[in-house]
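The values are calculated or read from the model by the stated rules, or taken from the named source; none is laboratory data. None of these values were measured; they are calculated from a predicted model. All Cβ positions, glycine included, derive from the backbone under ideal geometry; neighbour counts span all protein chains shown. Only protein heavy atoms, including side chains, enter the accessible area calculation; ligands, DNA and RNA are left aside. Shrake-Rupley method; radii C 1.70, N 1.55, O 1.52, S 1.80 Å.
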Amino acid sequence: MKRPGFIIAVLFLSNLLLALPAKADFREIVRSIEQKGRVQHTWIPFFWLGRMVVHMHAIEGVSDIQLATFEKSEISSIDLDSIVRANSKERWQPIIVARSNRDHEQTYIYSREERGQMQLLIVARDGEDTTVMQLRVAPERFLATIRNPGESSERFAF
């Protein structure tokens, strides 16, 4: 008789070990924002379950997702970029840097290659709120979405 609990534990631990290098950078970036912004990230109930589903099914080419949100943080736009660069073991390449002085919004999108997968790091700030998200994406799916963005958006239209 097979033990389902044992099988689930083995799958969970193997997924955890595979995600450790990418997760280390993400944790360091989040921890640094918490320290410098004097704020804690907002806990999202059951996010771990959604992350497990994404990891198991690679929805739209995304095989892992990490998310941290901060409300009322005190970090300037210059600090966010320096935090990412200072707390990453491997170098992130900036893809998009967008800033609006009028609306106090900033968006940074970085990428890097890791084990044949594309890693995306998105750091967005809207006034006092900041969001950090890291995705592991299949490169061919990412390029297909960039080449034909309407196709992906139609699949998710309600």
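Any residue in the stretch 119-136 that is outside any strand (DSSP E or B) sitting within a Cβ distance under 7 Å of a residue that is surrounded by 21 or more Cβ atoms within 10 Å (Cβ to Cβ) and at pLDDT below 90? List the pairs, counting only those 6 or more apart or interchain.
Cβ pairs passing all conditions: 128/73.
For the stretch 15-43, how many residues meet the condition of being surrounded by 12 or more Cβ atoms within 10 Å (Cβ to Cβ), part of a loop (DSSP other than H, G, I, E, B) and at pLDDT below 85?
Residues that pass the stated criteria total 2.
Could you please find all residues in the stretch 45-87 being open to solvent by 60 Å² or more (accessible area, probe 1.4 Å), among the hydrophobic types (A, V, I, L, M, F, W, C) and part of a loop (DSSP other than H, G, I, E, B)?
Quick first cut of the stretch 45-87, residues open to solvent by 60 Å² or more (accessible area, probe 1.4 Å) only: 45-46, 48-49, 52-53, 56-57, 59, 71-72, 74, 78-79, 85-86.
Add one more test, that the residue is among the hydrophobic types (A, V, I, L, M, F, W, C), and what stays is 46, 48-49, 52-53, 56, 59, 78, 86.
Listed by number, the list holds a single entry, 46.
State whether one or more residues within the stretch 87-107 are touching a residue at least 60 places away in the same chain (Cβ under 8 Å) and among the polar types (S, T, N, Q).
Within the stretch 87-107, one or more residues are touching a residue at least 60 places away in the same chain (Cβ under 8 Å) and among the polar types (S, T, N, Q).
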